[in-house]
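The block underneath contains the structure these notes are about, expressed in structure tokens.
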Amino acid sequence: MTAPIAIIGTGLAGLSAAQSLHAAGMDVQLFDKSRGSGGRMASKRSDAGSLDLGAQYFTARDRRFVDVVQQWQARGWVAEWDPQLYQLNQNGLQPSPDEQLRWVGTPRMSAISRALLGALPVHFSCRITEVFRGEQNWQLQDAEGQSHGPFSSVIVATPAPQATGLLSAAPKLASAAASVIMDPTWAVALAFEPALETPVEASFVQGSALDWLARNRSKPGRDARYDTWVLHASSSWSRQHLDLPKEDVIERLHGAFAEVIGCALPAPSFSLAHRWLYARPASAHEWGALADADLGLYACGDWCLSGRVEGAWLSGQEAARRLLEHRQ
Ligand code: FAD
Ligand code: NAI
């Protein structure tokens, strides 16, 4: 009997690969260092309801992804989000409506990863520190010193900086991953009581510490009791303030938010900050996925393509396709 396939990372890329392999009749086992699935598409439960601190929405442009998103919609995992969209640039804050379809998980972003994971076997709170090959099969070692295996193949579906060490058995793959620079993002959530009086539900922002803000309850299925806003700092601000204490990040981004909205803001009734160290690749690639098919080692993730949700899903599909192609 063939040993199962290990997938390290339960973000959208890892789950996309897992779904494809499972559908082809393969046994998969997933691992994630976090307590739940979703990676950068995860949602955080908080005193102000469930918050999408990472990916805010996604677009679907590739036909294959468009078809999949329609299936997700039919199953109630995602819904269209059509906010009162603004932009702040040198001309000030202005409405910026467009025709783009934007999707969000319902009732929270993490609904998608939870549904995709389904009943697939997974080890959470399990940080893989080593991927090594025995005589015929692969073994994984975790941070607690436990071994897992044997596995016939391994798919590394983590952000590039975390993939490099795990790919050391295939130096070409490791060096491709090492060449990818990923920028950080500081995310802050602020709740206001009473609700802010503004028509803005989301805004792209230029020339500020922020590059994005969104009113969480404008998304379908969210808890409307809380007026919670998610603010994202730009890559450059986040890099410059990487080690700033969370309270200071909250204060600075609260100030930047007031400037964008153009009015004094009350103190928030709830606040939190989260630092995404590897939020987005500094540039896009066209690798699809990385593979050493003879060895049985693969890598996928948003960094292999567009650095977006769609790129992560397509990259997972490509890793699975290459693995299945090699087994035929
Ligand atoms: P991830 O989601 O990062 O998944 C990798 C997983 O690997 C994680 O769960 C992690 O815990 C796990 N892991 C890492 N190392 C190990 C290890 N050693 N052992 C075990 N597990 C490990 N995209 C959009 O399309 N639209 C947006 O609006 C948008 N906004 C964003 C805003 C922010 C703040 C951030 C951070 C990202 C945003 N993105 C957005 C990007 C989008 O979230 C990502 O492209 C996508 O979620 C990446 O999926 P992935 O599976 O490649 O990686
Ligand atoms: P999209 O088409 O909505 O946005 C792409 C970009 O086009 C935006 O960043 C914005 O600059 C511009 N834009 C689009 N519509 C606009 C409008 N109506 N008015 C003014 N500007 C507009 O979505 P796509 O291509 O799927 O991109 C995903 C989004 O995710 C982007 O906004 C990107 O910045 C964001 N992202 C953020 C990350 C982070 O770490 N903060 C990581 C990865 C993606």
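Just so it is clear, none of the values below were taken in a lab; they were calculated from the coordinates. All figures in this text were calculated on a predicted structure; none of them were measured in a lab. Quick reminder, even Gly has a Cβ in these numbers, built from the backbone with ideal geometry, and neighbours come from all protein chains shown.
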Report summary line: Here, GLN240 and GLN328, labelled 7 Å along Cα→Cβ, have an inter-label distance in nm of 5.3 nm
Query raised in the report: Expressed as cubic angstrom per residue, what is the convex hull volume of the alpha carbon set of the stretch 231-301?
Result: 138 Å³
Query raised in the report: Using a simple charge model, +1 on the beta-carbon of Lys and Arg, -1 on the beta-carbon of Asp and Glu, nothing else, what dipole does the stretch 63-135 show about its Cα centre, in debye to the nearest 20?
Result: 260 debye
Query raised in the report: Rounded, prolate or oblate: which one fits the stretch 116-194, using the alpha carbon gyration tensor with axes a ≥ b ≥ c (rounded when a/c is under 1.5, else prolate when a/b beats b/c, else oblate)?
Result: oblate
Requested in this report: Find out how many positive minus negative residues lie around TYR278, taking Lys and Arg as positive, Asp and Glu as negative, among other residues whose Cβ is under 14 Å from that of TYR278.
Outcome: +3
Query raised in the report: What dipole magnitude, in Debye to the nearest 20, does the stretch 222-328 give about its Cα centre under +1 on Lys/Arg Cβ and -1 on Asp/Glu Cβ?
Result: 120 debye
**Report entry** For the stretch 5-98, the Rg and Dmax computed from alpha carbons only, in angstrom
**Finding:** 17.3, 56
Report task. Identify, among PRO4, LEU53, ALA177, the residue whose Cα sits farthest towards the positive end of the charge dipole of the chain, taking +1 on the Cβ of Lys and Arg and -1 on the Cβ of Asp and Glu, with the dipole about the Cα centre. Result -> PRO4
Report summary line: Relative contact order as a percentage, the chain, C-alpha pairs under 8 Å and 6+ apart, gives 22 percent
Query raised in the report: On average over all directions, what projected area in square nanometres does the stretch 91-143 have, based on the convex hull of its Cα atoms?
Result: 8.8 nm²
Requested in this report: Mind checking which lysines have their Cα closer than 27 Å to the Cα of LYS44? Skip sequence neighbours fewer than 8 apart in that chain.
Outcome: LYS33, LYS219, LYS246
Report summary line: With 0.36 nm assigned to each residue of separation and the Cα-Cα distance removed, ALA284 to GLN87 gains 68.5 nm
Query raised in the report: What would the Debye formula give as log10 I(q)/I(0) at q = 0.24, 0.30 Å⁻¹ for the alpha-carbon point model of the stretch 210-259, no solvent?
Result: -0.91, -1.13
Query raised in the report: Charges only on Cβ, +1 for Lys and Arg, -1 for Asp and Glu: so what's the dipole of the stretch 100-181 about the Cα centre, in debye to the nearest 20?
Result: 420 debye
Query raised in the report: Out of every Cα-Cα pair in the stretch 204-328, what percent are more than 26 Å apart?
Result: 42 percent
Report task. For the stretch 148-264, state the average projected area of the convex hull of the C-alpha atoms over all orientations, rounded to one decimal in nm². Result -> 11.2 nm²
Query - Summed residue charge, Cβ within 9 Å of GLU310's Cβ, Lys/Arg positive, Asp/Glu negative - result: 0
Requested in this report: Restrict the search to the stretch 248-312; then list the GluC sites (Glu not before Pro) that DSSP places in a loop and that have at most 13 other Cβ atoms within 10 Å of their Cβ.
Outcome: GLU286
Query - Computed over the chain, Kirkwood Rh from alpha-carbon pairs, angstrom - result: 20.6 Å
Query raised in the report: How long, wide and thick is the stretch 76-233, going by the Cα atoms along their three principal axes, in whole angstroms, largest first?
Result: 65, 36, 31
Query raised in the report: To the nearest Å, what is the center-to-center distance of the stretch 10-27 and the stretch 34-49, using C-alpha atoms only?
Result: 21 Å
Query raised in the report: Hey, if you drop one equal point scatterer on each alpha-carbon of the stretch 44-141 and run the Debye formula without solvent, what base-10 log of I(q)/I(0) do you get at q = 0.18, 0.22, 0.25 Å⁻¹?
Result: -1.01, -1.19, -1.30
**Report entry** Cut-off under 5 Å, modelled amide H: who pairs with ALA279 long-range
**Finding:** ASP183, THR185
Query - Residue order, fewest to most beta carbons within 10 Å, for PHE192, PHE31 - result: PHE192, PHE31
